[in-house]
Amino acid sequence: MTSVHELIRGAAARERAELSPATGPGKPQLVPAGRKPIALRATGVSSCDTELADDPWAIDRAPGYGPGASAADDIPALAPRQGPLPAEYTGASDAELTVRIIAAKAALGDRVQILGHFYQRDEIVQHADFVGDSFMLAQAAKQHPEAEAFVFCGVHFMAETADILSGPEQAVILPNLAAGCSMADMATIEQVEDCWRDLTATLGTAAEGELQPVIPVTYMNSSAAIKAFCGRNGGIVCTSSNARTVLEWAFERGQRVVFFPDQHLGRNTAKEMGIAEEQMPLWRPHLALGGNTPEQLRDARVILWNGFCSVHKRFTVAQIEQARADYPGARVIVHPECPAAVVEAADGAGSTEYIRKEVEAAAPGSVLAIGTEINLVNRLQQQRPDLTIFCLDPVVCPCSTMYRIHPAYLAWTLEALLAGETPNQIRVSDDVAGDSRVALERMLAARP
């Protein structure tokens, strides 16, 4: 099966040819493609942005997250940007880059491990020593003390977590510094500390022997600074697979939870535990008390931060209804970062690893409609050709920043390491790493 990247590139080239200005007297001038969706004729779906076909170095320093699901999100002014790549990489063909990556990887041997996230493009995953979700890859870093460096093909917060859990002499490298995460950027440490001050002033402090007024819980998709904040304040980190266990841990220690940055994972987990919607006020960081009254905060069980995943926010109940109309008997599986109505309408919801295992266990001939990132869905279909697997969203719209990791950056990184250089090293300061590690170790102990 052709990869999503190849489909996008090929369809974009065809569309550019079809829409290029006509020449000759009396011929009409056609409008360039601009942001018109790319028709992916091989799959019958289309792309959310024609610029997805562009090489990432053409947009790395442009404002915003770039084309993809996060294009409309606000990016922090100080978000990392990637410097230009040498022309020998940007001008190389896909085949040339593959040869260079394989050669450099062989020369480096066990000194360097390549970690690839499930959502990465196939051209990267094929070179990875380990493939998994953010937590699985951070654990892989922790479990390989023999490696001198980890090349983390994911996004910034994942590389930070790997640096926290790996040894002090090991380097963690992000091949493209522009590979961030819009969800993680929706909660800054300054905003979280302001929120905490307001909550402390509103909710007071606990008397001896009483539960704490509020326990901070952060999703893995957050900065190291926020993980450290949780570690300092009696809080914990969660993953999509152990969120319920973590909330249960928090409720043993506190009257309520403040959950950031993903409102949807927090809401879906709390609803599964029987917590009512009116007990889950939304905290909007730019409003006084997050836009809530003191009474709403006092009555709350889970205070949800106003953040979300732009990829999973795209899925709708209407898409599920259409999938069932097109394929009666189809099983619908979604990620818990999807809105609550989507999770409730689906047949199952769970982490990336849960989705992968559901596909693995499906009987031949089954039809699965999946609500998660398109590269993973495409790869699952390749692995199980005996199943009908498709993405609920009929428009191909990959994670804007995850898509920034291109083979050219991987080749550049590996050859720099071979030359004795350490480019794009992600370093978390000792004090932040120490407090983050406390919250992460609590998470590791919270097994579902």
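Report, by chain and number, residues whose modeled amide H sits under 5 Å from the one on I303, excluding near sequence neighbours (fewer than 5 apart, same chain).
Excluding prolines and chain starts, which carry no amide H, the hits are V257, V258, F259.
Run through segment 63-154 and list the GluC sites (Glu not before Pro) located in a DSSP loop whose Cβ has at most 12 other Cβ atoms within 10 Å. Before the final figure, lay out the partial values.
On the way: sites: E88, E96, E123, E146, E148; in loops: E146, E148.
Loop-located and lightly packed - E146.
Kindly identify segment 89-159 as rounded, prolate or oblate by the Cα gyration tensor criterion: order the square roots of the eigenvalues as a ≥ b ≥ c, call it rounded if a/c is under 1.5, otherwise compare a/b with b/c, prolate if a/b is larger, else oblate.
Working: a/c = 2.37, a/b = 1.39, b/c = 1.71.
Judged from the Cα gyration tensor, segment 89-159 comes out oblate (a/c at least 1.5, b/c at or above a/b).
Within segment 185-228, whose backbone N sits under 17 Å from a point 7 Å along Cα→Cβ of L282?
186-187
Of S366, L265, Q382, which is farthest on the positive side of the dipole of the chain, counting Cα position, with +1 on Lys and Arg Cβ, -1 on Asp and Glu Cβ, and the Cα centre as origin?
S366
Taking the Cα centre of segment 312-396 as origin, sum charge times position over the Cβ atoms of Lys and Arg (+1) and Asp and Glu (-1), and report the length of that vector in debye to the nearest 20. Let's see the in-between values first.
Numbers: 8 positive and 11 negative charges, 24 e Å.
The dipole magnitude comes to about 120 debye.
Can you compute the charge dipole magnitude of the chain about its Cα centre, using +1 on each Lys and Arg Cβ and -1 on each Asp and Glu Cβ, nothing else charged? Give it in debye, rounded to the nearest 20.
On the way: 38 positive and 55 negative charges, 144 e Å.
It comes to approximately 700 debye.
Note down the nm distance, to one decimal, between modelled labels 7 Å out along Cα→Cβ at D326 and at L418.
Spacing of the two 7 Å Cα→Cβ label points: 4.3 nm.
For G235, enumerate residues with amide H under 5 Å from its amide H, sequence gap 5+ or separate chain, H modeled in the peptide plane.
none
Tell me what the chain gives for mean residue ellipticity at 222 nm when only DSSP H runs of n ≥ 4 count, each as -39,500 (n - 2.57), the sum divided by the residue total, rounded to 500 deg cm²/dmol.
Numbers: 18 runs with 174 residues, N = 448.
So the helix-based figure for the chain works out to -11500 deg cm²/dmol.
Compute the relative contact order of the chain as a whole-number percentage, counting only Cα pairs closer than 8 Å that sit 6 or more residues apart in sequence. Let's see the in-between values first.
On the way: 876 pairs, mean separation 89.2, N = 448.
In percent, rounded to a whole number, it is 20.
DSSP H helices in the chain with Cα extent of 18 Å or more along the helix axis and mean Kyte-Doolittle hydropathy at least 0.0?
Values: long enough: 4-19 (22 Å, -0.26); 94-108 (21 Å, 0.91); 189-203 (20 Å, -0.25); 430-445 (22 Å, -0.06).
Sorted by number, the helices that extend far enough and score high enough are 94-108.
Would you work out if segment 187-307 is rounded, prolate or oblate? Take a ≥ b ≥ c from the square roots of the eigenvalues of the alpha-carbon gyration tensor; rounded if a/c is under 1.5, else prolate when a/b is larger than b/c, oblate otherwise.
On the way: a/c = 1.14, a/b = 1.07, b/c = 1.06.
In terms of gyration-tensor shape, rounded.
Run the simple label-point estimate for E148 and D431 please: 7 Å along Cα→C-beta, distance reported in nm.
Output for this residue pair reads 3.2 nm.
So if a site counts as exposed when it's one of the trypsin sites (Lys or Arg not before Pro), its DSSP state isn't H, G, I, E or B, and it has at most 15 other Cβ atoms within 10 Å, what's the longest stretch of the chain without one? Intermediate results must be reported in sequence, preceding the final value.
Numbers: sites that count: R35, R41, R61, R81, R253, R427.
No qualifying site falls inside 254-426, the longest such stretch.
Only residues of segment 266-291 count here: report those whose backbone N is under 20 Å from the spot 7 Å along Cα→Cβ of L211, or say none.
Residues 266-283 qualify, since their backbone N sits under 20 Å from the label point.
Report which label in (i) 21.1, 78; (ii) 22.6, 87; (iii) 22.2, 75 holds the value of Rg and Dmax of the Cα atoms in Å derived from the coordinates of this structure.
(ii)
So which cysteines in the chain don't have a second cysteine's C-beta under 4.7 Å from them?
Cysteines lacking a close Cβ partner in the chain: C153, C181, C195, C230, C238, C309, C338, C391, C399.
Rounded to the nearest 20 debye, what is the charge dipole size of segment 187-307 about its Cα centre when +1 sits on each Lys and Arg Cβ and -1 on each Asp and Glu Cβ? Each step should come with its number before you reach the end.
Details: 11 positive and 14 negative charges, 47 e Å.
Once rounded to the nearest 20, the dipole reads 220 debye.
For the pair V317 and D129, what calculated FRET efficiency results from E = 1/(1 + (r/R0)^6), where r is the Cβ-Cβ distance and R0 = 35 Å, to the nearest 0.05? The partial results should precede the final answer.
Values: r = 39 Å, r/R0 = 1.13.
Once rounded, the FRET efficiency stands at 0.35.
Quick check on the exposure proxy: order H335, H127, H286 from fewest to most C-beta atoms within 10 angstrom.
H286, H127, H335
Quick note: the coordinates plus some simple rules give every number you see, no bench work behind them. Keep in mind that what you see is a predicted model, and the values were worked out from it rather than measured. Don't worry about glycine lacking a Cβ; one is built from the backbone with ideal geometry, like all the others, and counts go over all protein chains shown.
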